[in-house]
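Every number here is computed from the coordinates shown, using simple stated rules; none is lab data. Here the structure is a predicted model, which is why all the values come from computation and not from measurement. Please note: Cβ atoms are built from the backbone with ideal geometry, for glycine as well, and neighbour counts cover all protein chains shown.
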Amino acid sequence: MTGLFENIVSHGWAVFLAKLIGAFVVGTAGLLWTLIGIWFERKVAGRFQDRLGPNRVGLGPKGRFNLSYKFGWAQSIADLIKIFLKEDIRNTGTDRWTFNLAPIMVTMSVVLLWAVIPFSDGWIGTDLNVGVAYLIAVGGIGTIGVMMAGWGSNNKYSLLAGFRSVAQLISYEIPMVVALLVPVLMAGSMSTQTIIRQQYIAFMFAVPMTLLIFLISGQAENGRGPFDLLEGESEIVAGFHVEYSGMKFGMFMVSEFLHAFTLGLLTAILFMGGWRIPFVPLDWVQEGKYLGSFIWNLLGFVMLLSKAMIAYFVLIWVRMTLPRLRIDHLLNFNWKFLVPLSLINLLVVAFVWKAIPGTDAINSFADAFIPSVVLLIVNMAMFLGVGAVLADKGRQERARVAARVYPETVEAAPTN
Amino acid sequence: MTVELLVFLILSALTLGGGMLVVTTRNLFHAGLYLMISLFGVAGLFVLLTAPFLGVVQVIVYIGAIAILIMLAIMLSPNITNLPNPFTAQWPVGAALAVIFFVMLITVVTPVMNELGADDWVNSDQLTVDTAGDVPADGIATLGEELVDPHKYMLPFEVASVLLMAAMIGAVLLVHPGKQAEDVIEDVA
């Protein structure tokens, strides 16, 4: 596309225009994907709660042969039209610019993530050599958006959610960043594309502990699942978006759903091998052997989406299964368990990775096999250690509670 | 006009305009937001100078952590809107310091620019000359190696780490429920 513009304007402007159109296409595709994502999530969530989920809305005349009424797939479109038609209310006392900019900031922080997501071997917005650091940096903008919404709404519940957002999102950023360092360390690069190319064996088989830490902290960063304290409706009404209506509320909702799916995409890219098709050598895809470059790219794209949907399904599963945490439990869990665990995990993986010879030049499945097996064994040992520590803590906690509730029957347990 | 120049002008306007608004606005929360805009402009300038890692770190550390904590402190304080007078009696000192700092920057930057081959850079358009040959291809790897190289920047790096560690331990001790801050200071002394 750059070549097309070069006939009209200079090279610099041509690159700029091509990137602009690329950004428009990727951003719009991401936002439109939420229509499918929301429908999928509601369907899955319905099953988890023993109900059907959306099953009524379709297009065109109703009848036995109109398949568009199957599975209620048009529910999201109906919701979209509804939310566009709703009145946009801004209360007196709100801080105008802060209030109006907040939903844009939150949505922007999610859409910006899509710039470095490699959809296939040749399909990527920009292959930044600081891709993973960029992901973290952009994530921080969402926190600002939540704070702006919380403060600008001039509502005490919103303000409480703003405080919670700082406590939760900043805290959980630390294990997330430390977990992200592990794939970076193993691939030897921060570029998302290089990380995928280096996964001759998907990293999830070598470092399952890191994957677990990433998923937990990512879910907390997203503010959903058991970590939805920002909008805990039983405590602070709807949290930071209590004063928003119409499309502004819609933007918060879209960004949350899109963030969840983007988290699935990132899991697929960093731990599940991204667009790499299992048992297909990398050079087939890169040189377009047998099938041609476009077909390989398309297959890779489908592969990435399938892996992302699997990860997304796990995230919905967790969200629908676990009850909401209390704020002090949430912070204790992070600072006393997840942060130390992620640091130990990083140190162990780094030492093991350096101790195995030949890990700085992995160019085939055979090269990756021994390091992956060793790391898997080490990870299993870590899982056992963590399990032992948790079991011990649980025993102590149960003894402490029992001593408080039935002091006459149980002898006092040592407390610390 | 090249794209680089346009982007440079926009980023400069963000940096300077944001900085200006930080000190003139009468709403502390807005001042925090303007500070973020200004820092974001600086991050963009880093990227424009082919140092994307520094730019990203600027966003992570300054906007993602420091500015957000400043905002949290602002949100917890009373009477943050409608400050009566944004200027205090210290403004002459501040102006003098700004002038000194500006002169210092000019004296540092001019030799560097001459070394890069841009003579009389203040009046020429050579600022946009791309000297990509001097930039290492893999900047992050170079940066990482220099930071742990004993002959380069290992000592400053370690000293900064120890300083941050001390600050963190200090913060933990200050809020430790079992001990008051005075006791801690007595223990240390």
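If R₀ is 45 angstrom, what is the calculated FRET efficiency for the pair A:TRP97 and A:PHE24, using the beta carbon separation as r and rounding to 0.05?
Taking R0 as 45 Å, the efficiency between A:TRP97 and A:PHE24 is 0.95.
Take the Cα of A:MET380, step 7 Å along the line toward its Cβ, and report every residue of the range A:326-364 whose backbone nitrogen sits under 11 Å from that point.
none
Counting only GluC sites (Glu not before Pro) that sit in a DSSP loop (anything but H, G, I, E, B) with at most 12 other Cβ atoms within 10 Å, what is the longest stretch of chain A containing none of them?
A:88-407
Any idea which of A:GLY139, A:VAL57, A:VAL285 is furthest toward the positive side of the dipole for chain A, if Lys and Arg beta-carbons carry +1 and Asp and Glu beta-carbons -1?
The residue sitting farthest along the positive end of the dipole is A:VAL57.
Show me the helices of chain A, taken as full DSSP H stretches, that run 18 Å or more along their long axis by Cα and average 1.0 or above in Kyte-Doolittle hydropathy.
Helices meeting the criterion: A:11-48, A:96-113, A:131-152, A:171-187, A:246-271, A:293-321, A:339-355.
Amide H neighbours of A:ASN154 under 5 Å, at least 5 residues apart or on other chains, H built in the peptide plane: list them.
Amide H to amide H, under 5 Å and 5 or more residues apart or across chains, A:ASN154 pairs with A:ASP95.
Taking R0 as 22 Å, what FRET efficiency do you get between A:LEU52 and A:TRP317 from their Cβ-Cβ distance, rounded to the nearest 0.05?
Working: r = 18 Å, r/R0 = 0.81.
The formula returns an efficiency of 0.80 here.
Calculate, in nm to one decimal, what B:ARG26 and B:LEU69 gain on full extension: separation in residues at 0.36 nm each, minus their alpha carbon distance.
Net length gain for the segment: 13.5 nm.
Quick one: if you stick a label point 7 Å off each Cα along the C-beta vector at A:VAL302 and B:VAL61, how many nm between them?
Result for the modelled spin labels: 4.7 nm.
For the pair A:HIS329 and A:TYR406, what calculated FRET efficiency results from E = 1/(1 + (r/R0)^6), where r is the Cβ-Cβ distance and R0 = 35 Å, to the nearest 0.05?
Working: r = 24 Å, r/R0 = 0.67.
The formula returns an efficiency of 0.90 here.
PRE reach from A:ALA350 (point 7 Å along Cα→Cβ): which of the range A:170-209 fall under 15 Å by backbone N?
Residues A:175, A:177-189 fall inside that zone.
Give the separation of the Cα centroids, the range B:24-46 to the range A:239-266, in Å.
25
Among A:SER217, A:LEU331, A:SER342, pick out the residue whose Cα is farthest towards the positive end of the charge dipole of the range A:194-352, where Lys and Arg carry +1 and Asp and Glu carry -1 on C-beta, about the Cα centre.
Of the candidates, A:SER342 comes out farthest on the positive side.
By average Cβ neighbour count within 10 Å, what is the ranking of B:8-17, B:104-113 from highest down?
Peptide ranking by packing, descending: B:8-17, B:104-113.
Extending each Cα 7 Å along its Cβ direction at A:TRP13 and B:THR107, get the distance between those two points in nm, one decimal.
Here the modelled spin labels are 4.4 nm apart.
For labels at B:LEU97 and A:VAL373 in the simple 7 Å Cα→Cβ model, what's the distance in nm?
6.3
Around A:ALA260, under 9 Å between beta carbons, what's the net of Lys plus Arg minus Asp minus Glu among the other residues?
0
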